[in-house]
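*Asks:* Handing you a structure now.
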């Protein structure tokens, strides 16, 4: 067996998986708090990538260096996407807070389709080339077969982001309020927590993560279009369910498992079936462990 | 801010709540003054918890008024307000069926109560600003002090779901006190407690009133506890108020005896 090839695939799988994980966190956090699958989350990710694309175009013309441009573009993407996440919740979900659970779900699908077509209309339905902003680092030369410089940055950024998120949720005042809201919304209200504000914060944080993922993927694949949110959203959703939706470490694990399974399947069998492996794995896990890898079984009183 | 004794804190008048065609509470009215412990008693299903839910903003009452007079503040009509706004104004409560945050530690549960009295944001936390650090320290200190008061300081880092029943009830009280209330609503705090625990609770409630300067409104079935600590008692049956008075008056009130023991049979 060719171990080198296996290692190559594993590395690529981890990189892919960590981006899935970043998007999956947004799904899982929102689900954890208001039990809603935010189908428009993938679109927020796509919008993040587009904002980065536009800002990059402007800044490159003014002659800044690659890394500065990338940082500024990412910052713009994050702020823009956060605004989108916040507004999306206000317009599409908040009015339906007390409606039956199916209503916000339909609203989410509607918002997703709307945003996708909106970007298609005001930008373009075609693929756009995303500029290569990260030049290859010299020290990466010996292992560039396994890990490119972009991959390295992706791994660093995702790791740092996830650690920051963990600290935020565990130790900050807002994080505690988020956990309390997740565990018992009415009691959180009675303890004086403004639950609406906590929900807004959750959407903002999720959107920030999605925008970061958008910029990272765009610089890895080198192209974007208005439909990338759909596929990435679906994959990340799969990752969230795989790990146990509502469970934050689960989303990270699910993302990694999904990324690795996909690359292994594509590398050993056929890359044409990449998506089949991803969703086949989902079917398998849901059959054997319906609550996901780390999810707890929900006991329902009858 | 401490209220002067005898100052009116809460006024409920003409309070009614309908669920569909069912009138769960009907034209209830009562008052609560600073420094008082007042009990709301009555048989199961009398509507006592519904009264609490109307006062704390979980339900919006069908009719009537709930007005609070925060000490040193202006009087506010609070029906229809959101529960978190009411809590911020200075009213806190506990539940009959304990509602702690099970996957948080004992200390964190109390710290959640401080949420509405603190204001540092995510940005403050990221910058680790002086304000957020000072606030965090104050929150932890105050929470520890409250845990000491209810006797739970040594289990501060346990998950709240691992506590005994009686300890969970005391933790709920500590969390409620963390919101700096001037009015504390306790819904059956002695339910499920053994006589020893009930006796300790009795002392705790009286001590809290003195040390934290809160007035207490209490729903309770344990008559010994109620008669021991209450200044005044309101009695409800089938959603209506049937009596009010001091513990002694209530004990001798024929209507109350009838509600609890059934009508006397005349041969």
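*Asks:* Using a Gaussian network model of chain B whose springs link C-alpha atoms within less than 10 Å, name the residue from B:157, B:26, B:187 with the highest mean-square fluctuation.
*Replies:* Residue with maximal mean-square fluctuation among B:157, B:26, B:187: B:157.
*Asks:* Over all directions, average the projected area of the Cα convex hull of the protein assembly as shown and note it in nm².
*Replies:* One quarter of the hull surface, i.e. the mean projection, equals 33.2 nm².
*Asks:* Now, a different point. Highest mean first, how do A:212-219, B:215-222, A:123-130 rank when packing is the count of other Cβ atoms within 10 Å averaged over residues?
*Replies:* For the peptides A:212-219, B:215-222, A:123-130, the packing ranking is A:212-219, B:215-222, A:123-130.
*Asks:* Stokes-Einstein diffusion coefficient for the stretch A:145-293 at 20 °C in a medium of 1.002 mPa s, Rh from the Kirkwood formula over Cα pairs: what value in µm²/s?
*Replies:* In µm²/s, the coefficient rounds to 125.
*Asks:* While we're looking at this one, here's another question. Using the number of other C-beta atoms within 10 angstrom as an exposure proxy, rank A:45, A:27 with the fewest first.
*Replies:* The order, fewest Cβ neighbours first, is A:27, A:45.
*Asks:* Using alpha-carbon pairs under 8 Å, 6+ residues apart, how would you state the relative contact order of chain A in percent?
*Replies:* 36 percent
*Asks:* What percent does the relative contact order of the stretch A:1-132 come to when contacts are Cα pairs within less than 8 Å and at least six residues apart?
*Replies:* It rounds to 28 percent for the stretch A:1-132.
*Asks:* What full-extension length gain, to one decimal in nm, is calculated for residue A:94 and residue A:287 as 0.36 nm per residue of separation minus the Cα-Cα distance?
*Replies:* Going from the current span to full extension adds 66.2 nm.
*Asks:* If you average the sequence gap of Cα pairs under 8 Å that are 6 or more apart and divide by the length of the stretch B:146-267, what percent do you get for the contact order?
*Replies:* 17 percent
*Asks:* Roughly how crowded by other chains is peptide A:161-170, in terms of the mean Cβ count from those chains within 10 Å of each of its Cβ atoms?
*Replies:* For peptide A:161-170, the averaged partner shielding equals 1.
*Asks:* Also, quick follow-up: How are the Cα pair distances of chain B distributed, in percent, across 10 Å bins from 0?
*Replies:* Spelled out per bin, shortest first, that is 7, 28, 35, 21, 7, 2, 0, 0, 0.
*Asks:* Looking at chain A as a GNM with Cα springs under 10 Å, which of A:222, A:280, A:192 has the largest mean-square fluctuation?
*Replies:* Sorting by GNM fluctuation, first place goes to A:192.
*Asks:* Could you sort A:85-92, A:230-237 so that the peptide with the highest average Cβ count within 10 Å comes first and the rest follow in order?
*Replies:* Answer by packing, highest mean first, reads A:230-237, A:85-92.
*Asks:* By count of other Cβ within 10 Å, fewest leading, how are B:146, A:256 ordered?
*Replies:* So the ranking, lowest neighbour count to highest, is A:256, B:146.
*Asks:* Further question: Where does helix A:228-243 land angle-wise versus the long Cα axis of chain A, in degrees 0 to 90, nearest 10?
*Replies:* 60 degrees
*Asks:* Taking the beta-carbon count within 10 Å as an exposure proxy, list B:115, B:199 from fewest neighbours to most.
*Replies:* Ascending number of Cβ neighbours within 10 Å: B:199, B:115.
*Asks:* Then there is this: Please list the three semi-axes, largest first and in whole Å, of the ellipsoid equivalent to the stretch B:72-162, using sqrt of 5 times the eigenvalues of its alpha carbon gyration tensor.
*Replies:* 23, 21, 13
*Asks:* I'd like the mean, over residues of B:93-101, of how many other protein chain beta carbons sit within 10 Å of each residue's own Cβ.
*Replies:* 3
*Asks:* If you don't mind, there's one more thing I want to ask. Build a GNM of chain B with springs between Cα atoms under 10 Å: which of B:92, B:190, B:103 gets the top mean-square fluctuation?
*Replies:* Maximum among the listed residues: B:103.
*Asks:* How far, in degrees from 0 to 90, does helix A:274-288 lean away from the longest principal axis of the Cα atoms of chain A, to the nearest 10?
*Replies:* 30 degrees
*Asks:* Please compute the Kirkwood hydrodynamic radius over chain A, one decimal place, Å, based on all pairs of different Cα atoms.
*Replies:* It works out to 19.8 Å.
*Asks:* Summarise the partner chain shielding of B:112-118 as one whole number: the mean count of Cβ atoms from other chains within 10 Å of each residue's Cβ.
*Replies:* Per-residue shielding by partner chains comes out at 6.
*Asks:* If packing is taken as the mean number of other Cβ atoms within 10 Å per residue, what is the order of A:285-294, B:29-38, highest first?
*Replies:* B:29-38, A:285-294
*Asks:* What is the angle, in °, between the Cα long axis of helix A:3-34 and the longest principal axis of the Cα atoms in chain A? Nearest 10 is fine, range 0 to 90.
*Replies:* The angle comes out at about 30 degrees.
Every number in this text was worked out from the coordinates using simple rules, so none of it is lab data. Small disclaimer: the values here were computed from a predicted structure and weren't measured. Please note: Cβ atoms are built from the backbone with ideal geometry, for glycine as well, and neighbour counts cover all protein chains shown.
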